[in-house]
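Notes to accompany the following structure.
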Amino acid sequence: MRSPVSRREFLKQAGLAAGALPVLGMRADAVQAKDKLRCVVIGCGGRGQSHLDRAVNENLVAIVDPDDTHLDRAGKWMQTKNVDPTKVQRFNDYRQMFDKMANRIDVVFVATPNHHHALPTMMAMAHGKSVYCEKPLCHTVDEARKLAKMQSRSKVATMMGNQGHCEEGYRRLCEYIWSGAIGNITETHSWTDRANGGFGPRPAAEAPPATMHWDEWIGPAPFREFHKDLHPHEWHGWVDFGNGSLGNMGCHVLDGVFWACKVEHPTSIEAEEMFGGGGERYPTGSRLRWDIPARGSLPAMKAYWYDGRKGVGDPGDGNKGTVATAPKGPHYLPPLLIDLMKQYPDEGWDLGGGTLYVGDKGIMYTSTYGGGPGSKGMRIVPFAKMEAFTGPSKTLPRYRDSFTEFLNAAREGRSDTPTPFSYGARLTEFVILGNMGHYAGVGNKVEWDGPNMRVTNLKDLNKFVKRDYRAGWHV
């Protein structure tokens with residue numbers, strides 16, 4: 001194996017922003033099946049715990065997080081798993097980790113805030129390391145295209161963390177829809193009860209916690225002073241760091257829409273309704289529409305998205321300005337779902353998230369992560385109709401959980417996983433394009449030229465397709 005170059009030389013040679021994508025330090029041979037994979041977990045708080053759970057069963061060699069509190073917590077947790085934390089290297093900056101030990105790792109897990117997804121993922125692939133990155137795969141459409149291109153070049157195992165794609169529900173959904181069970185899909189309605197947004201001005205700047213390495217947390221994003229409503233989870237609602245409710249849940253809830261309906265590029269996106277948001281923040285509730293053209297024999301269709309709670313962010317609702325203090329109330333659900341709930345109140349609807357697929361011969365339903373077939377999961381509506389229906393043959397492969405499939409592929413030197421970046425990047429692009437409707441404002445249709453990656457009418461919105469990076473943090 002070639003020794004890794006320094007970070008400065010890596011950025012110079014890779015020329016990632018210019019589109020030159022060499023692969024450095026590719027592994028000559030697959031790890032032997034009996035070997036433990038040498039793993040790094042980047043981002044140890046929140047979702048990162050799930051990554052630690054799997055990495056510790058291999059050979060956890062390093063952890064990375066700009067918050068020392070997260071690193072300390074991970075170290076204490078390791079002791080409960082009979083792992084000596086003094087033998088696991090700690091870093092606050094993943095760039096330094098790659099500089100120091102790129103030739104001593106096999107697998108990289110990325111569970112950072114969205115604005116950090118692309119760079120460590122790109123660096124891992126460029127060094128020939130298999131990489132599992134949480135959803136959405138990246139923060140911008142431009143990053144999605146670059147990551148897909150690098151994955152094609154690197155041939156390493158890659159996986160985006162939308163676990164429902166590995167499970168039975170979405171796979172059975174595809175088989176039903178592709179067999180014509182409900183005819184041609186003309187529209188879909190997807191929802192989530194997440195309200196990852198806000199309203200009002202940026203909170204006052206203050207000193208970051210003593211345990212926080214703030215410059216490393218900001219990373220490639222425009223610098224700002226620390227303030228409340230950012231760390232450890234609220235960053236989802238800020239345009240510079242997250243992708244709103246779509247970024248948080250869209251790659252789960254919309255996976256069936258994108259896959260089963262064989263979506264490529266929408267021709268336009270429009271916000272039909274929004275609550276809160278504006279400027280630096282995403283809305284606290286919205287209704288969006290993607291217009292999807294005909295694809296081969298499939299007719300044009302419309303995909304709708306509903307998020308948050310109706311009224312959250314409305315100055316008249318008594319809200320103090322954060323999602324945490326939002327008033328309790330009815331979920332912001334599609335009118336079609338509300339009508340179906342009245343007709344079929346005992347169907348076991350997932351009010352936290354799901355999708356309705358409207359065909360010219362019937363309706364199907366999936367829950368947030370697809371759900372297994374059954375009265376509370378993936379089904380034709382009503383369920384009694386599905387019970388009387390002879391289901392299609394199973395034609396798609398079945399998998400175990402996403403982590404197991406990824407680690408097996410990495411161990412065996414394979415690039416085929418249930419959600420490789422060749423798929424994950426396209427799904428991510430479709431999902432986060434919905435936010436173009438938020439940026440444009442209610443009633444302003446955004447015309448999208450997918451092959452050329454640009455907004456053709458409201459051209460100022462193209463600033464959201466790509467982003468400017470701080471020096472030393474370029475993707």
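See the values below:
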read-out	value
Rounded, prolate or oblate (a/c below 1.5 giving rounded, otherwise prolate when a/b exceeds b/c) for region 184-290 by Cα gyration tensor	prolate
Cα shape, region 117-216, gyration tensor, a/c 1.5 rule	oblate
Probe 1.4 Å, all protein chains present, accessible-area order of Phe406, Phe389, largest first	Phe389, Phe406
Per principal axis, descending, Cα span of region 54-115 in whole Å	30, 25, 19
Carbon/sulfur fraction of accessible area - region 142-254, other protein chains in place, 1.4 Å, %	53
Shape parameters for region 232-295, alpha-carbon atoms, Rg then Dmax in Å	13.3, 42
Cα→Cβ-extended label distance, 7 Å offset, between Asn184 and Lys87, nm	6.2
Rounded Å value of the spacing that divides the Cα centres of region 72-119 and region 387-402	37
FRET efficiency for Asp72 and Ala388, using Cβ-Cβ distance with R0 set to 56 Å, rounded to 0.05	0.45
Per residue solvent-accessible surface (Å²) - the chain, probe of 1.4 Å	39
Extended-chain gain in nm, criterion 0.36 nm per residue less alpha-carbon gap, Leu396 and Arg414	4.6 nm
Percent of Cα pairs exceeding the 16 Å cut-off, where the set is region 73-156	57
Rh (Kirkwood; distinct C-alpha pairs) - region 170-240, Å	16.2
Shape parameters for region 364-418, alpha-carbon atoms, Rg then Dmax in Å	15.4, 45
Share of carbon and sulfur in the accessible heavy-atom surface of region 317-475 [1.4 Å probe, %]	52
Calculated P(r) of the chain - Cα pairs past 40 Å, %	19
Gyration tensor verdict on region 352-475 (Cα atoms; rounded if a/c is under 1.5, prolate if a/b is larger than b/c, oblate otherwise)	oblate
Order by protection proxy (mean Cβ within 10 Å, highest first), peptides 69-77, 144-152, 196-204, 296-304	144-152, 196-204, 69-77, 296-304
Calculated FRET efficiency for the pair Gln343/Arg153, C-beta based, R₀ 56 Å, to 0.05	0.60
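The values are calculated or read from the model by the stated rules, or taken from the named source; none is laboratory data. Here the structure is a predicted model, which means the values were calculated and not measured. Note that we place each Cβ from the backbone using ideal geometry, even for glycine, and neighbour counts take in every protein chain shown. Side chains are part of the model used for accessible areas, which takes the heavy atoms of the whole protein and leaves out ligands, DNA and RNA. Shrake-Rupley method; radii C 1.70, N 1.55, O 1.52, S 1.80 Å.
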